[in-house]
């Protein structure tokens, strides 16, 4: 009886030792998980500080781009003022051309008056020639008078020729100015077209910058969730497996039920690890397919974070 009691006590002590060893492994596992959690918290704080620094740099870059846009807008305002000034100069030249045309009309009217006077003078000359024919004695004096009048008429004819040449020269100058105005107008139209195209390009570049900024924010958020999955959820089943491995390394003679229980723990941890590995693979595949994180829900949002 004493031997049986001793054997029962030995079995009880052995079972108690096994239970204590198992609880020790559980405590070590919880301690390892706590250490990993603390490391994960420190890592997340460091990542948040890095992202804050990146956002600060991005904001400075955005301010610089806004200043560049303001400079270009100021340049466009100066160009518009220059265009207004050139239009005013064209208006002045047009007014000068109108005055020159009025002066030309006035000169033509004066020439017409002189031509009429010449016609009257020729008629008077014909009348005088008839009178001179009648008055033979007065012909010599009348001829001298006629020569003098012819000389005056020749002078007036020369003056008319010079006036015609001057008129032709003025017409040529006006034509040159008109051609210059046409070329200037074409140049201004080209400048206006280029400025309008530049404005459209600036607007498109600004829209593209906003899209890129939204894509980067979504992409960073997806990476945060991927890092969380990798550093926390994937490490958790690994820590469980390592704890069970330490328990097995104790070389304690386990019963069949205990071994089944240990194998069940290992299997459960392996299945959990396999599940999170598949979710991580799906997440990376979604990022590659979509080119950016989804607009209404990111690929990481489809992972069940409650497991």
(request) List every residue pair whose Cβ atoms sit under 6 Å apart, with the two residues 6 or more apart in sequence or on different chains, where the first one lies in segment 275-288 and is more than 14 Å from residue 219 (Cα to Cα) and the second, anywhere, is assigned to a helix (DSSP H, G or I). (result) 276/233; 280/229
(request) Please work out if residue 65 is within 30 Å of residue 210 (Cβ to Cβ) and either exposed (fewer than 10 other Cβ atoms within 10 Å of the Cβ) or touching a residue at least 60 places away in the same chain (Cβ under 8 Å) (or both). (result) yes
(request) Check 130, 109, 180 and return the single one that is surrounded by 11 or more Cβ atoms within 10 Å (Cβ to Cβ) and either modelled with pLDDT under 90 or part of a helix (DSSP H, G or I) (or both). (result) 180
(message) Suppose we filter segment 226-264 for residues that are out of contact with any helix residue (DSSP H, G or I) (no Cβ under 8 Å at 6 or more places or on another chain) and not in a helix (DSSP H, G or I); how many remain?
(response) 3
(request) Could you please give the count of residues in segment 265-288 that are closer than 15 Å to residue 237 by Cβ and either outside any helix (DSSP H, G or I) or touching a helix residue (DSSP H, G or I) at 6+ places or on another chain (Cβ under 6 Å) (or both)? (result) 7
(request) Among the numbered conditions (1) within 57 Å of the chain's Cα centre (by Cα); (2) at pLDDT 70 or above; (3) surrounded by 11 or more Cβ atoms within 10 Å (Cβ to Cβ), tell me where residue 281 comes up short. (result) (3)
(message) Restricting to segment 1-33, count the residues that are under 60 Å from the mean Cα position of the chain (by Cα) and either touching a residue at least 60 places away in the same chain (Cβ under 8 Å) or more than 22 Å from residue 249 (Cα to Cα) (or both).
(response) 5
(request) Give the residue, chosen from 104, 120, 97, 162, that is in contact (Cβ under 8 Å) with a residue 12 or more places away in the chain and either over 30 Å from residue 191 (Cβ atoms) or in contact with a strand residue (DSSP E or B) (Cβ under 7 Å, 6 or more places away or on another chain) (or both). (result) 104
(message) Every residue in segment 20-40 that is exposed (fewer than 12 other Cβ atoms within 10 Å of the Cβ) and either within 30 Å of residue 217 (Cα to Cα) or modelled with pLDDT under 85 (or both), please.
(response) 38
(request) Check segment 289-297 and report whether any residue there is at pLDDT below 80, surrounded by 14 or more Cβ atoms within 10 Å (Cβ to Cβ) and touching a helix residue (DSSP H, G or I) at 6+ places or on another chain (Cβ under 6 Å). (result) yes
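The values are calculated or read from the model by the stated rules, or taken from the named source; none is laboratory data. Everything quoted here is computed from the prediction, not taken from an experiment. Cβ coordinates were reconstructed from backbone atoms using ideal geometry, including for glycine residues, and neighbour counts include every protein chain displayed.
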